[in-house]
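What follows is a short report on a single structure.
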Amino acid sequence: MSLEILNLSVRYGAVTALSGVSLAVGSGEIVAVLGPSGSGKTTLLQVLAGIQNPSRGEVRLEGRTLARPGLSVAPERRGIGMVFQDFALWPHMTVVDTIRFPLETLRTPRREQFQRVSELLALVHLGSLGDRYPHELSGGQRQRVAIARALATRPALILLDEPMSSLDARLRETMRADLARILRQERATALYVTHDRLEAMAVADRVLLLRSGQLIQAGTPSELYEQPSDCFTAEFMGPANWFEAEVVNVNASPGAFLTGTVSIQGTTLLKARVPVGVGPGTRGAALIRPEHLHVVKACPKPETWQAHVTQATYLGAHWQLQAAIANGPSVTAYHPAAVTVGEEIGLRYESNTVWFIPI
Amino acid sequence: MGFRTLNGMAAAVVVILIALPLLALLLQSIWPDLFSLPPSLRISGAGFNALFQDPYGIRSIVDSAGLAVSTAVIATVLGGAVAYLLEAVELPARGFFTAMTWLVLLAPSFLIGQGWQFLFGPGGIWAKGPLVGILLSPVGVALVLSLKLFPFSTLAISGALRGIGQDVVHAARLSGASLWTTWRRILVPLLLPAALAGALIVLAEVLSDFGVASTLAQTANFPLLTYAIYAAMETFPVNFSEAAALAVILVVLVSLAQWVERWIMGRRGYATRWGGSQNLGRQPLARPWIWLAAISALFVVAFVLPAWGIVAVSFESPGGSFGHWTLANYLSLWGRTYGLDTFVRSLGYAVAAGGLGLVVGIVVSIAWWRRGGWLIAALKALTTTTIAIPGIVLGAGYIFFWNQPILGRIGLALYGTPAALLLAYVAGTLPYSVRVASGSMVQIPPNAIFAARTAGAGLTRVIVRIFIPMLRDTWFRVWLISFAGVIFELPVSELLYPAGAPTLAVGIIHQIHSMRFGTGAALTVISTVLMGVMVGAAQFLQNRCSRRDEHKHSRTHWAGNRMANDPPSAPRLSAPRKEGKFSL
């Protein structure tokens, strides 16, 4: 493992910013640390960068201990690159000087310095802008300089602290794909902190979800989206419809989950995927994502609920509906065509997409 | 009253108070007989010729330039060290030293010069000590001015230190740089423009200074430019053309320094904050008491010592030796010309000039706020540039303009009357009051005014019901600072005070030049104490009023988050959403 975080805790007086977080990141892996404000993700990054000391636990990089209570390797001796939220470029240095700086401090031979700088400029598509100062660059270009600087010495780990937050929405979409390309091309091991689930899913191999300083769930983006361990994760990863449910029976099936039947409101029976270890009689909530509810003509069919539309919002690519299910909850669904408020519709669910969360 | 009338008023005020006197000065330097009767349009270089043939004039320019450069260097070193101690390390009693920095900045320079003179000057407390030779020399003047002006450098460099985010340092450290390399390669280059800008402000201040030029430098037989202007206008034989030529040279030098300073600070790369929202953290000090002793010593020398000199001399028996305490100097202030009457007179001028300056400042700043046409733009440029005009030049301009025989014929020759002095005081404080008043206007969201106008309110009602209640506190501070500035004002007062009715600073200088050190010192002490009490009381009353009002209404975010000068922002395309959650 390239990076190992063992039972890491950080306390500021009476406040616990991180509590017993453990994580292993493989070489070349990109891990996104996701969480709402105050979840401890920036604290985790600061401990790794050497800006903050842990109260408990240990951080190791390629087998070398970087931090534990009473020991903190100086930031300049950690071999870590970092991309800051507002990029932290030095206003008195040109693009070339900025990218060269870490190579200079490492006393890399001069020829190699310039060779590496031009390699990186090509990688981040800034070939012709080497002589520019930060204030002569756009937001996206500044970000590319910051990435190139972090990659310059081929560090064992790259930390990215919400690097898209200073960019506008359109640029953010372009940069997401670009960033993933650059990191993979450099085979960088990276920890990417963000509060944007779309960014995390687009860039990372694995996502780590934090809340109130605790690790809630770690897994691939699809695992967190489709099989969240709790309601918080489900909601954080995307829009969710909830139904009170109880497991009726469970069938053994290969893989990380089981299939079974759950009852909704004690009457409707749904085929659902159920976490391992959950047996008949377990009460909880059934999650159906809006994109898995399809609007059909209002007639009774299996796997279809009667509902009437209470709100319809045009969002360009589709309409977003709020519909009240007869004797059931109000749900969100998407539909490609216009639907009028008050219209009676049928809502068909895809049974293999229902996920049961025990509560 | 409409906005058009208001723009006209603002234009008239700036033209009369600032533009015409400065124009008169410039014209006087080129057409020396323009204001004679009959006027002559003969262009003459007589003023400049006289200047270049006058060894005193030439020497004053060379002295001033040399003094300005050397003082700027010393003040930058001192100011930089203080800024480092106040902003970059954990210094005990930091708040106290910050307050002391402001105190030194605000203390009138002629009082500091006077304090040093009382200590080491002829007839001073330590007149026979070893430091007399140094103090009464160009080196001594440069040191005293550096000790008075280093807060400008401190403020400039402190501001730059606060403007650097800690991520800039973290980025360097994570790039492999040691603490030393980070300072050498990152922080020092980032602070350099601010240090240079601070040095240029000090340079402009030294060139403009009249307080030390007319006290310590005068005693040290070290002629400076501002005093040369004064001497050319006030000592026999009077030479207005030479004074005008000297004033033009002074304005050019000061404006050049100010222009370079603005150019440096306006460059985009350095004006923006870089490196995250969190400031650089303060580093712990290894031996804090050494630094504490050093900074304490600096403030003792810069402020406490000269202040003590004044207080000590004020209790010295007239003509007696130091050490015999007496109240005779204080008692002698009553019923004597150049005594307490000067304080009362200056108090009257200060109240009037503060009030008039505030009204004028508000009128001009509302006109600015409206962003009128070319006329307002020109006035804006003129008002902001005149912040660089030294008081002695403003006073000279007032003499040239308001002393014209042609104005005398229509009964408007104001020179020698209290009105000319009052108008000059207002003109002197105008650039400052307009800047602060305009700054406060930005706090009012445009929709708050628009709402009042759509409700049918005209300009007068908008001013009375919206501007005044919202900006009362800021405007009060503008008045208070103008008031305090006028009380101890020296250069304009020296040139324009009506015969037989001297102002406070003129009175103090007169006592010193008459070798009545004790009386001058007593006048200084009692005026400072009385002014301190008045400013304190005014501040106390204002705080009480503000606190009472805070119970009635909140003063923030009156109408949305956008401020008057913010660029219009793009509309939000998506609203935050909360979808489909439903608990059965």
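The values are calculated or read from the model by the stated rules, or taken from the named source; none is laboratory data. Since the model is a prediction, treat every value here as computed from it, not as a measurement. When we count neighbours, we look across all protein chains shown, and the Cβ atoms used for this are built from the backbone with ideal geometry, even at glycine. All accessible areas refer to the heavy atoms of the entire protein, side chains included, with ligands and DNA or RNA removed. Shrake-Rupley method; radii C 1.70, N 1.55, O 1.52, S 1.80 Å.
Residues in region A:314-326 that are at the interface with chain B (Cβ under 10 Å from one of its Cβ atoms) and open to solvent by 50 Å² or more (accessible area, probe 1.4 Å): A:Leu315 only.
I'd like the residue in region A:144-177 that is assigned to a helix (DSSP H, G or I) and at pLDDT 90 or above and, out of all such residues, is nearest to the chain's Cα centre (by Cα). So that I can check it myself, show each step before the final result.
Quick first cut of region A:144-177, residues assigned to a helix (DSSP H, G or I) only: A:144-151, A:169-177.
Remaining after also requiring at pLDDT 90 or above: A:144-151.
Working: A:Arg144: 21, A:Val145: 23, A:Ala146: 21, A:Ile147: 19, A:Ala148: 22, A:Arg149: 24, A:Ala150: 21, A:Leu151: 22 Å.
Per the criteria, the residue is A:Ile147.
Take the residues in region B:387-423 that are over 23 Å from the mean Cα position of the chain (by Cα) and of a type in the set (Ser, Thr, Tyr), then tell me which one is least open to solvent (accessible area, probe 1.4 Å). Looking at the filtered set, the residue picked out is B:Thr417. Against the conditions (1) among the aliphatic types (A, V, I, L, M); (2) over 24 Å from A:Glu29 (Cα atoms); (3) modelled with pLDDT of 90 or more, A:Ala88 satisfies every one except (3). Given the structure, is B:Ala172 more than 20 Å from the chain's Cα centre (by Cα), closer than 20 Å to A:Gly50 by Cβ and surrounded by 21 or more Cβ atoms within 10 Å (Cβ to Cβ)? When the stated conditions are applied, B:Ala172 passes them.
Open to solvent by less than 20 Å² (accessible area, probe 1.4 Å), in a helix (DSSP H, G or I), at pLDDT 75 or above and among the β-branched types (Val, Ile, Thr), is that true of B:Val426? When the stated conditions are applied, B:Val426 passes them.
Residues in region A:275-304 that are within 15 Å of A:Ser351 (Cβ to Cβ) and at pLDDT below 85: 4 in all. In the list A:Thr65, A:Thr43, A:Thr16, which residue meets the criterion of being of a type in the set (S, T, N, Q), touching a strand residue (DSSP E or B) at 6+ places or on another chain (Cβ under 9 Å), outside any strand (DSSP E or B) and in the same structural domain as A:Ser222 (by TED's automatic domain parsing)? When all the criteria are applied, what remains is A:Thr43. Does B:Arg287 meet the test of being at pLDDT below 85 and open to solvent by 70 Å² or more (accessible area, probe 1.4 Å)? When the stated conditions are applied, B:Arg287 does not pass them.
Within region A:135-153, the residues that satisfy the criterion of being more than 16 Å from A:Thr105 (Cβ to Cβ), more than 10 Å from chain B (Cβ to nearest Cβ) and of a type outside the set (Lys, Arg) are A:Leu137, A:Ser138, A:Gly139, A:Gly140, A:Gln141, A:Gln143, A:Val145, A:Ile147.
I'd like the residue in region B:210-232 that is in contact (Cβ under 8 Å) with a residue 12 or more places away in the chain, in a helix (DSSP H, G or I) and open to solvent by 10 Å² or more (accessible area, probe 1.4 Å) and, out of all such residues, is nearest to B:Gly309 (Cα to Cα). My answer is B:Thr219.
Of the candidates A:Gly140, A:Gly127, the single residue that is out of contact with any Lys or Arg (no Cβ under 6 Å at 6 or more places or on another chain), modelled with pLDDT under 90 and in a loop (DSSP other than H, G, I, E, B) is A:Gly127. Note on region B:484-514: residues that are in a helix (DSSP H, G or I), open to solvent by 10 Å² or more (accessible area, probe 1.4 Å) and over 18 Å from B:Gly113 (Cβ atoms) amount to 1.
Identification of strands (runs of 3 or more DSSP E) wholly contained in region A:297-359 with 3 or more residues that are free of Cβ contacts under 8 Å to residues at least 12 places away in the same chain yields no element. Please verify whether region A:262-272 includes one or more residues that are loosely packed, with under 13 Cβ neighbours inside 10 Å and within 14 Å of chain B (Cβ to nearest Cβ). Checking region A:262-272: at least one residue is loosely packed, with under 13 Cβ neighbours inside 10 Å and within 14 Å of chain B (Cβ to nearest Cβ).
If only residues of region A:331-350 that are open to solvent by less than 30 Å² (accessible area, probe 1.4 Å) and among the hydroxyl-bearing types (Ser, Thr, Tyr) are counted, the one that is nearest to the other protein chains (Cβ to nearest Cβ) is A:Thr332.
Can you find a residue in region B:337-345 that is farther than 14 Å from B:Thr524 by Cβ, at pLDDT below 85 and over 31 Å from the mean Cα position of the chain (by Cα)?
The initial filter retains those residues of region B:337-345 that are farther than 14 Å from B:Thr524 by Cβ, namely B:337, B:341, B:344-345.
When the remaining residues are screened for being at pLDDT below 85, the result is B:337.
The next check asks that each one be over 31 Å from the mean Cα position of the chain (by Cα); those that pass are none.
No: region B:337-345 contains no residue that is farther than 14 Å from B:Thr524 by Cβ, at pLDDT below 85 and over 31 Å from the mean Cα position of the chain (by Cα).
Number of residues in region A:87-107 that are within 12 Å of B:Gly176 (Cα to Cα) and in a loop (DSSP other than H, G, I, E, B) equals 2. Applying the selection to region A:45-94, what residues are under 25 Å from the mean Cα position of the chain (by Cα), among the charged types (D, E, K, R) and either at the interface with chain B (Cβ under 9 Å from one of its Cβ atoms) or crowded, with 24+ Cβ neighbours inside 10 Å (or both)? Within region A:45-94, A:Asp86 is the sole residue that qualifies.
Hey, can you tell me all the residues within region B:80-116 that are open to solvent by less than 20 Å² (accessible area, probe 1.4 Å) and more than 22 Å from the chain's Cα centre (by Cα)? Residues satisfying the conditions are B:Leu85, B:Leu86, B:Ala88, B:Val89, B:Leu91.
Within region B:117-139, the only residue that satisfies the criterion of being under 24 Å from B:Gly80 (Cα atoms) and crowded, with 21+ Cβ neighbours inside 10 Å is B:Leu135.
Of the listed requirements (1) touching a helix residue (DSSP H, G or I) at 6+ places or on another chain (Cβ under 6 Å); (2) modelled with pLDDT of 90 or more, B:Pro138 misses just one: (1).
For region B:106-116, check the following and say yes or no: at least one residue is over 20 Å from B:Ile512 (Cβ atoms) and of a type in the set (A, V, I, L, M, F, W, C). Yes, there is a match, as at least one residue in region B:106-116 is over 20 Å from B:Ile512 (Cβ atoms) and of a type in the set (A, V, I, L, M, F, W, C). Considered as a group, the residues in region B:140-169 that are of a type in the set (A, V, I, L, M, F, W, C), away from every other protein chain (no Cβ under 14 Å) and open to solvent by less than 20 Å² (accessible area, probe 1.4 Å) include one that is farthest from B:Leu105 (Cα to Cα), and that residue is B:Leu161.
Inspection of region B:173-196 identifies at least one residue that is closer than 19 Å to B:Val254 by Cβ and modelled with pLDDT under 90.
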